[in-house]
Structures are given as structure tokens and as C-alpha cells.
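Novice: Provided herewith is a single structure, encoded as C-alpha cells, for subsequent inquiry.
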Amino acid sequence: MRTVFLDCSMGAAGDILTAALLELIPDPDGYVEKLNSLGIPGVEYIKEKSEKCGILGTHISVKINGAEEGEEHPREHGEHHSHHHGHSTLHAIAHIIEDLNAPAKVKADALAVYESIAKAEGEVHGKAVDEIHFHEVGSLDAVADVTAVCMLLNDLNAEVYASPVNTGSGFVECAHGVLPVPAPATANLLKGVPAYSDGTKGELCTPTGAALLKYFVKEFREMPVMATEKIGCGMGKKDFEKANCLRAFLGEQRGGAGVTELACNIDDMSAEAVAFACEQLLKNGALDVWTTPAVMKKGRPAVILGVLCENEIKEKILRLIFRHTSTIGVREYETKRYTLKRESRVVKTPYGEVGIKTSSGYGCEKSKFEYDDLARIADENGLSITQVIEEINKNL
């Protein structure tokens, strides 16, 4: 499982996340050129080496029309409290994002991140999302940070995990005045996220950083068992006693991913009803669903319904089991799931295009033709599935 793990022991901010992820890319300098071609008005990304506590890493600065925005009010991590850029609405930011030279998924991700910030700001100020006027996070340098992180994670194409987040402590100056750390919007964004303060004075986690983590991170946990290929160090501007950096680890996760297995006994449903329940569970995100024949009390024939799902959607799956089956009790087992990396491609054959699924990892590789394609060819040509496979293999 291709994985990115983010060490947030010194918080997270948009520029630091950008810098750390950039170091995971094969050609960081070339990628900066790609970022500069996005078309954010007047924006220029600048990559430079930085050293903190003897550790060498990358710092990313964003210039707007040749100057760093808000330089007179630098934030702890390089995001700026600018008082001259004007406030931006979500509508205005959405217009900028829609005009970017970026894939549709990147645009959708960037807008979703901003919508989460707007919702958090709305909760703080008691306003609807469309009434929010962004201050610090509405500036073009923040748009640049959000878009860059969305671009990088889209191209890295990996599951993202992160450590609990260090928020820092003390107070921070912003457009509304001097606020406690974490700032109110940041605190709202971090709801449900394991967070703490180690006593470091300063704003370690910014609203932009919190929103990006909340959107992309699959699970906040200790570093999983993984074979690391690359390590990226993104550096902040301010110096602390501890190295002001965020480390990003890229590699293949070797330990099994944590999943939940749910099971229940059913002895009073028709086969059709059980089949429908299985279909609904799979449609709603279950990783696997199966039934096992069983014998219940008084010799009644029954089935054991088993469901495997990611921990994050366990409650949703439980509700579906109770809704679509007659059971009044479900058992839960915590387990781990080991999977091979899966890829799909299409090959041309004398019978037309046929899909192939290839799975690899743990020192092995397996391939399998798409059943629907094999069935179609067998039906059209009066052949068995085995004959179709043999004929396709002869021509590959």
C-alpha cells in the first residue's frame, strides 16, 4: 500500500506541507515550474534550502507580484497575516480555483478544503458560509499553498496518514486581534483530530494546515509499519528550540491496515433478502461481504453474515446491517488486512478489448482477466470461459 505519513510533532501549515511533499517528487525543481504554470494571478513559488537545528530541508515562499504578501506580519510557519490584500469570499476564491491550469480533481479538492475553512470560520463568527469574508486564509499565498498540496498529493497518489497534531500554545495576532492558540477556526477544524500542545510558544498549526490535514488524512495515528523510500523535510520560517519542520515519509505500508470485521447470525430471512442486504453493504463501502452456512438452535438452518469494512465507516455499516437484515445483534472483531497493490489495464485481443487486473507485492504478481469481458466473448462466440482465456493468452 503506497503511503505518505506526515509527522506533525511541530504542527502543520500550508507552506511547510508543500515543501515536505515537494521533496518526495522525483524532480522538485521541475515541479516548481509546474506549480508556477497553474495560473494563480501574480503568484510565484520559490523553492530554497533551509536548515533548522542542523537538519537540511526545503522552504517554500510565495511571492505576489514580486513581494511576499503580508511580510510585515509573518506567522510562525510562514503563512502571513496580511492587512493589505483585502478580504476574499468563498465565491471569489472558487472563481480563482476554477480558472487554474490544473486537473479537475485538484480543483475539486482545493475548493473542498476552502469550504471546510469557511464552515469553521462560520461557526466562530455565527455566520453562514456564503457570508464569510476570509482574512489570513483568503490571500493569494494561501490559495497557492492549498492548491500546491492538492496537486502534490494527487500526483503522489498515496494514502495519507499523520501523527497527532501539535498545535503550539500562547497567542497569535490576526485580523480580528490577538487570539489564543490554537486560533478558533483552527480549533474547529481540528475537532475529532488527535491534537495536543507540548508547550512550544507559537502557532504551530494554522487554519490552512488544519484544513488540509482534516481533508486528506485517512487516519491520525503513530507511524505505520512501512518500507520508506523517501523522506521530505518542509521547513518553517521561525526558529524554535525544536526543529521547526514537518517530515513526510513516502513508502509502502507493510503491516496490515486496521479494519473491522462484523458478523451476525440470520435464520429467518429468504435467500433473496440476504442477497439484497449484501448488495447494499458493498454499494456503501464494505470491503468484502460473505455468508457462511450454519445450524442454529433447534436445528434451524441459517447463515452467518460477515462484513469487512474500514474502521472509519463501521457505524455506517452497522446501521445498514440492522436496516437490511432481521438480526438484533452484531459481533465486532478488530483485525488487520494485508493487500497487494492493484492496477487495471486494457489489452487488445482478436475478440476486442479485455480488461486485466494485476496485483503485486510481497514478492509476487498475479493477473486476472475481467470476468464480464470473458463472459461477453464466450457468449458471442459460443465458447467456454476456459476456451476464451486460452485463446486470449495465445495472442498476448
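Novice: Based on this model, can you work out whether Ser360 counts as surrounded by 11 or more Cβ atoms within 10 Å (Cβ to Cβ) and hydroxyl-bearing (Ser, Thr, Tyr)? Reasoning before the result, please.
Specialist: Details: surrounded by 11 or more Cβ atoms within 10 Å (Cβ to Cβ): yes; hydroxyl-bearing (Ser, Thr, Tyr): yes.
Yes, satisfied.
Novice: Identify all residues within the range 316-355 that are under 30 Å from Met226 (Cβ atoms) and of a type in the set (Lys, Arg); write none if there are none.
Specialist: Lys316, Lys336, Arg337, Lys341, Arg342, Arg345, listed by residue number.
Novice: Further question on the same structure: Residues to consider are Asp288, Asp268; find the one that is modelled with pLDDT under 95, more than 19 Å from the chain's Cα centre (by Cα) and open to solvent by 20 Å² or more (accessible area, probe 1.4 Å).
Specialist: On inspection, the qualifying residue turns out to be Asp268.
Novice: Of all the residues that make up the range 294-325, how many are open to solvent by 50 Å² or more (accessible area, probe 1.4 Å) and polar (S, T, N, Q)?
Specialist: Matching residues across the range 294-325 total 1.
Novice: Which is small (Gly, Ala, Ser), more than 30 Å from Val307 (Cα to Cα) and without any contact (Cβ under 8 Å) to a residue 60 or more places away in the chain, of Ala195, Ala248?
Specialist: The unique qualifying residue is Ala195.
Novice: Quick one: in the range 353-396, which of the residues that are under 28 Å from Arg254 (Cα atoms) and of a type in the set (Ser, Thr, Tyr) is modelled with the lowest pLDDT?
Specialist: Tyr362
Novice: Just to be sure I understand the filter: pairs with C-beta atoms under 9 Å, separated by 6 or more residues or on different chains, first member in the range 95-113 and in a loop (DSSP other than H, G, I, E, B), second member exposed (fewer than 13 other Cβ atoms within 10 Å of the Cβ) and not aliphatic (A, V, I, L, M). Which pairs pass?
Specialist: Taking only residues 6 or more apart or on different chains, the pairs are Asp99/Gly39; Asp99/Pro41; Leu100/Gly39; Asn101/Ser37; Asn101/Gly39; Ala102/Gly39.
Novice: Return a yes/no flag: does the range 172-181 have any residue that is of a type outside the set (A, V, I, L, M), more than 21 Å from Asp15 (Cβ to Cβ), part of a helix (DSSP H, G or I) and touching a residue at least 24 places away in the same chain (Cβ under 8 Å). Let's see the steps before the verdict.
Specialist: Let us first name the residues in the range 172-181 that are of a type outside the set (A, V, I, L, M), namely 173-174, 176-177, 180.
Add one more test, that the residue is more than 21 Å from Asp15 (Cβ to Cβ), and what stays is 176-177, 180.
Filter again for part of a helix (DSSP H, G or I), leaving none.
No.
Novice: What are the pairs, 6+ residues apart or on separate chains, where a residue within the range 34-61 that is without any contact (Cβ under 8 Å) to a residue 12 or more places away in the chain has its Cβ under 8 Å from a residue that is polar (S, T, N, Q)?
Specialist: What qualifies is Lys49/Thr58.
Novice: Kindly indicate which of Ile55, Ile46, Ile60 is at pLDDT 90 or above, exposed (fewer than 15 other Cβ atoms within 10 Å of the Cβ) and in contact with a Ser or Thr (Cβ under 7 Å, 6 or more places away or on another chain).
Specialist: On inspection, the qualifying residue turns out to be Ile46.
Novice: Restricting to the range 182-202, count the residues that are assigned to a helix (DSSP H, G or I), open to solvent by 30 Å² or more (accessible area, probe 1.4 Å) and among the polar types (S, T, N, Q).
Specialist: Residues that pass the stated criteria total 1.
Novice: How many residues does the range 326-346 hold that are surrounded by 13 or more Cβ atoms within 10 Å (Cβ to Cβ) and in contact with a strand residue (DSSP E or B) (Cβ under 7 Å, 6 or more places away or on another chain)?
Specialist: Restricting attention to the range 326-346, the residues satisfying the condition of being surrounded by 13 or more Cβ atoms within 10 Å (Cβ to Cβ) are 326-327, 330, 337, 339-341.
Restricting the remaining residues to those that are in contact with a strand residue (DSSP E or B) (Cβ under 7 Å, 6 or more places away or on another chain) gives 326-327, 330, 337, 340-341.
Total meeting the criteria: 6.
For every residue, the table says whether it meets (1) more than 26 Å from Cys53 (Cα to Cα); (2) of a type in the set (Val, Ile, Thr); (3) under 18 Å from the mean Cα position of the chain (by Cα).
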residue: Lys201; (1), (2), (3): no, no, no
residue: Thr208; (1), (2), (3): no, yes, yes
residue: Ala211; (1), (2), (3): yes, no, yes
residue: Glu219; (1), (2), (3): yes, no, yes
residue: Gly234; (1), (2), (3): no, no, no
residue: Lys237; (1), (2), (3): no, no, no
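Novice: What number goes with the only condition from (1) of a type outside the set (Val, Ile, Thr); (2) in a strand (DSSP E or B); (3) more than 30 Å from Ser360 (Cα to Cα) that Ala263 does not pass?
Specialist: For Ala263, the exception is condition (3).
One line per residue, one yes/no per condition, for (1) of a type outside the set (S, T, N, Q); (2) over 23 Å from Pro184 (Cα atoms); (3) at pLDDT below 80; (4) under 22 Å from the mean Cα position of the chain (by Cα):
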{"position": "Leu100", "(1), (2), (3), (4)": "yes, yes, no, yes"}
{"position": "Lys105", "(1), (2), (3), (4)": "yes, yes, no, yes"}
{"position": "Ala108", "(1), (2), (3), (4)": "yes, yes, no, yes"}
{"position": "Val113", "(1), (2), (3), (4)": "yes, no, no, yes"}
{"position": "Lys119", "(1), (2), (3), (4)": "yes, no, no, yes"}
{"position": "Gly122", "(1), (2), (3), (4)": "yes, no, yes, no"}
{"position": "Glu131", "(1), (2), (3), (4)": "yes, no, yes, no"}
{"position": "Phe134", "(1), (2), (3), (4)": "yes, no, yes, no"}
{"position": "Ala144", "(1), (2), (3), (4)": "yes, no, no, yes"}
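Novice: Does at least one position in the range 203-224 carry a residue that is in a loop (DSSP other than H, G, I, E, B), free of Cβ contacts under 8 Å to residues at least 24 places away in the same chain and open to solvent by 20 Å² or more (accessible area, probe 1.4 Å)?
Specialist: Looking for residues that are in a loop (DSSP other than H, G, I, E, B), free of Cβ contacts under 8 Å to residues at least 24 places away in the same chain and open to solvent by 20 Å² or more (accessible area, probe 1.4 Å), one finds none in the range 203-224, hence no.
Novice: Taking interchain pairs and intrachain pairs at least six residues apart, which have beta carbon atoms under 8 angstrom, with the first residue in the range 82-94 and farther than 18 Å from Val43 by Cβ and the second at pLDDT 80 or above?
Specialist: Leu90/Tyr114; Leu90/Glu115; Leu90/Ala118
Novice: Kindly establish whether Lys314 is touching a residue at least 12 places away in the same chain (Cβ under 8 Å) and at negative phi.
Specialist: Spelling it out, Lys314 is indeed touching a residue at least 12 places away in the same chain (Cβ under 8 Å) and at negative phi.
Conditions tested, residue by residue: (1) over 29 Å from Ala92 (Cβ atoms); (2) buried (at least 21 other Cβ atoms within 10 Å of the Cβ); (3) touching a strand residue (DSSP E or B) at 6+ places or on another chain (Cβ under 8 Å); (4) not hydrophobic (A, V, I, L, M, F, W, C).
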position	(1), (2), (3), (4)
Ala144	no, yes, yes, no
Met151	no, yes, no, no
Ala158	yes, no, yes, no
Phe171	yes, no, yes, no
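The values are calculated or read from the model by the stated rules, or taken from the named source; none is laboratory data. Since the structure is predicted, the reported quantities are computational estimates derived from the model, not experimental observations. Glycine gets a Cβ as well: all are built from the backbone with ideal geometry, and neighbour counts include every protein chain shown. Please note that ligands, DNA and RNA were not included when accessible areas were found on the heavy atoms of the full protein model with its side chains. Shrake-Rupley method; radii C 1.70, N 1.55, O 1.52, S 1.80 Å.
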